[in-house]
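Derivation of every value follows stated rules applied to the coordinates shown; laboratory data play no part. Just so we're clear, the structure is a prediction, and the values are computed from it rather than from any experiment. Using ideal geometry, Cβ is built from the backbone for each residue, glycine included, and neighbour counts are taken over all protein chains shown.
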Amino acid sequence: MHYGRFMPELLHMRIGVITNTDTFIPFVYALVSQQISVHIYFSPSPDDFVNQKISAFAQQININVTQEKNPADLYSWLIKHNFDVCFMLGYKHLIRLDKLKTCPTPLFNIHFGTLPAYRGSTPVFWQLKHGQKIGVAIHKVSEKFDDGPIYWLKETDIQPHFNYEIANQVLGQICVEGVFYILSLLLNKMPLPVISGIGSRAYQQRPALKDVSIDWQQMPAAEICNLIRACNPWNKGALSIFNQQEVKLMDAQVINTVVSANTAPGTIINDENSLHITCCDGNVLNINMLFFSGFYLPAYQAKVFGFVKGQRLC
């Protein structure tokens, strides 16, 4: 990876990073590549693979990682190190600023969603589901989640190959620019201009069952494709029902084909090599991969399990 010219003026900065996700890796790698001193405060993820990945990354680039044992440890860590600046990414606990009155470190949160429209813990899901641009915002930490003044924001279009995981990786790369923008202003003792953000103020809750389920009677083909992207891989796809069993669609694209006007939405009209399923707007989805009965099922083998022409998903 290349992150631009060497910036010796940043050499003496000491930066803290508070996180519980591996999406911080690109911007921390960028900082370390500039020979900046970085210290990580890591709240362990429920995903052991993420924890192993972060441990290996820290060893590879030789940076210090403090693992959280109690949320109260964060305050002593911040006060002890007295960083020039600290960034948060993905940390699940609300910061009690009243406990940091003696700590002058500026605290910024990196939020993988446009603000104020996509406040909440799963903004990438909702941006993909709604078929809108995905974005990153950096704002000052306040007494509420995702609620402080916004200093930097950038959006990018959703590409056809994006899913939930890829979108997070893309945003992890994009936020590098924002981090260096903030650092440059602080280093030069320049004010941080507040921007208005994008969209109306909202707080998006964690996805419930209805939010990850396909409604064949109401959802057009493009909307179903958006939902599948938003649910893959973390939910193994968007949920539907087939013969009273759960099935998850993991990949779909809209195709041009002729459909009888009286064909009900959710009907399989082709079962060769892939599944073609009708939608309420008259379009057809080409399905290549399913998750069914606890295993991944390529659509070209779905016929063996009853996914045949004339059957319906609901």
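In table form, for the structure just shown:
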read-out	value
Viscosity 1.002 mPa s, temperature 20 °C, Stokes-Einstein D of region 1-133 from Kirkwood C-alpha radius, µm²/s	134 µm²/s
Which of M219, M88, M190 has the fewest Cβ neighbours within 10 Å, and the rest in rising order	M190, M219, M88
Folded to 0 to 90 degrees: helix 48-61 orientation relative to the chain principal axis, Cα	40 degrees
Antiparallel content of DSSP bridges confined to the chain, in %, to 5	60 percent
Taking region 209-305 and dividing mean pair separation by its residue count, relative contact order in percent (alpha carbons under 8 Å, at least six apart)	26 percent
Loop GluC sites (Glu not before Pro), region 118-197 (other Cβ atoms within 10 Å of the site Cβ: 13 or fewer; DSSP)	E143
Low-density loop positions, trypsin sites (Lys or Arg not before Pro), region 278-314 - DSSP coil, at most 15 other Cβ in 10 Å	K309
Prolate/oblate/rounded label for region 247-302 (Cα gyration tensor, a/c 1.5)	prolate
Cα gyration tensor shape for region 14-81, rounded if a/c is under 1.5, else prolate or oblate	oblate
For region 28-42 and region 249-314, distance of Cα centres in Å	47 Å
Dipole of the chain, positive end: most advanced residue of N20, Q244, V308 [Cβ charges, Cα centre]	N20
Using alpha-carbon coordinates, inclination of helix 164-187 to the longest axis of the chain, degrees	20 degrees
Coil-residue trypsin sites (Lys or Arg not before Pro) of region 121-184, DSSP, other Cβ within 10 Å capped at 16	K133, K144
Hydrodynamic radius by Kirkwood, which averages 1/r over all alpha carbon pairs of the chain, in angstrom	21.5 Å
Cα gyration tensor shape of region 209-305, rounded if a/c is under 1.5, else prolate or oblate by comparing a/b with b/c	oblate
Computed label-point distance, nm, for sites E177 and Q311 using a 7 Å Cα→Cβ extension	4.7 nm
In degrees, nearest ten, helix 221-231 long axis to first principal axis of the chain (Cα)	50 degrees
